[in-house]
Amino acid sequence: VLQRLAADMAGQKPAFVLGTGDYIDGARDEQTVRRQWLGFFEGIAPLQTFGRVPVALAPGNHDILGSRTYESIFVGYFGGPYYSFNRGAYHIILLDSEVPGESGRIAGRQLQWLKADLASHRQALLTFVAVHEPLFPVDGHRGESLDQHPKERDALHQLFMEEGVDCVFSGHEHLFHRQQIGGIDYVINGGAGGSLYVKPDQGGFHHYVLVKVTEAQYKLQVRKL
């Protein structure tokens, strides 16, 4: 599934690709984890068919499993685990909902960094965020996402509204869902290969989301397998 989606992505010739976590199943021994990462690299190889495509990935719970060792492996491969970058007049933020000891929340030094980052990029025409655990889950991970700490989740949402975040992408739930809360698009796009949570008419299909940006507007196109 991942190879077929990656090949379709390549045909779109994207400026870059964002990931919302859980690229591997995870395991309790490091050798197996590294072997799974090699499988992931093979899976996304078709993405580079027509030239170099940068990839920016937010970590998922299966990637980290609450382990500093696995976190360091992830950072060694991809950098981060949280950071931001600009693409022209647009600002992109990747957050880490899986910090060992702080999973299920954006807190501590990461939260302080996020506040400063948003404040220093208020001039961006559009701001996008990628984070594994959704703020507002809709199916199998209600109470097991950023909503497990409601006051902190609400404060994060308020921060997004105040600082002009336009769209937040997340994974964790293996489905597609889009809702607008407080003027922010919250998109769950967790359908890139894992077993699906719901029926197709409820968003249970393998897919990725193509974002087309023009000036201060964007359109989301769901690309089904």
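The values are calculated or read from the model by the stated rules, or taken from the named source; none is laboratory data. The structure displayed is predicted, hence computed values, not measured ones. As a convention, Cβ positions derive from the backbone with ideal geometry for all residues, glycine included, and neighbour counts pool all protein chains shown. Keep in mind that these areas ignore ligands, DNA and RNA; they rest on the heavy atoms of the full protein, side chains included. Shrake-Rupley method; radii C 1.70, N 1.55, O 1.52, S 1.80 Å.
From the list Y70, Y23, pick out the single residue that is outside any helix (DSSP H, G or I), open to solvent by less than 50 Å² (accessible area, probe 1.4 Å) and of a type in the set (F, W, Y).
Y23
Within the stretch 26-57, how many residues are part of a loop (DSSP other than H, G, I, E, B), of a type in the set (D, E, K, R) and in contact with a helix residue (DSSP H, G or I) (Cβ under 7 Å, 6 or more places away or on another chain)?
0
Kindly check whether there is at least one residue in the stretch 170-177 that is touching a strand residue (DSSP E or B) at 6+ places or on another chain (Cβ under 8 Å), free of Cβ contacts under 8 Å to residues at least 60 places away in the same chain and open to solvent by less than 10 Å² (accessible area, probe 1.4 Å).
The answer is yes, given that some residue of the stretch 170-177 is touching a strand residue (DSSP E or B) at 6+ places or on another chain (Cβ under 8 Å), free of Cβ contacts under 8 Å to residues at least 60 places away in the same chain and open to solvent by less than 10 Å² (accessible area, probe 1.4 Å).
Go through (1) of a type in the set (D, E); (2) at pLDDT 95 or above; (3) farther than 16 Å from L18 by Cα; (4) surrounded by 15 or more Cβ atoms within 10 Å (Cβ to Cβ) one by one and return the number of the condition D139 breaks.
That leaves (2) as the condition not met.
For the stretch 74-110, give me each residue that is over 23 Å from Y23 (Cβ atoms), open to solvent by less than 60 Å² (accessible area, probe 1.4 Å) and either in a loop (DSSP other than H, G, I, E, B) or in contact (Cβ under 8 Å) with a residue 24 or more places away in the chain (or both).
Passing the criteria: A89, Y90, H91, A107.
Could we say that V165 is in a strand (DSSP E or B), in contact with a strand residue (DSSP E or B) (Cβ under 7 Å, 6 or more places away or on another chain) and crowded, with 19+ Cβ neighbours inside 10 Å here?
No; evaluated as a whole, the condition is false for this residue.
Among (1) in contact with a Lys or Arg (Cβ under 7 Å, 6 or more places away or on another chain); (2) assigned to a strand (DSSP E or B); (3) surrounded by fewer than 20 Cβ atoms within 10 Å (Cβ to Cβ), there is one condition V211 misses while meeting the rest; what is its number?
Checking V211 against (1) in contact with a Lys or Arg (Cβ under 7 Å, 6 or more places away or on another chain); (2) assigned to a strand (DSSP E or B); (3) surrounded by fewer than 20 Cβ atoms within 10 Å (Cβ to Cβ), the one that fails is (1).
Give all pairs with beta carbons closer than 6 Å in which a residue from the stretch 143-158 that is buried (at least 16 other Cβ atoms within 10 Å of the Cβ) meets a residue that is aliphatic (A, V, I, L, M) and not in a helix (DSSP H, G or I); count only pairs at least 6 apart in sequence or on separate chains.
That search, which allows pairs on different chains as well, returns L146/L135; R153/L135; L156/I106; H157/L135.
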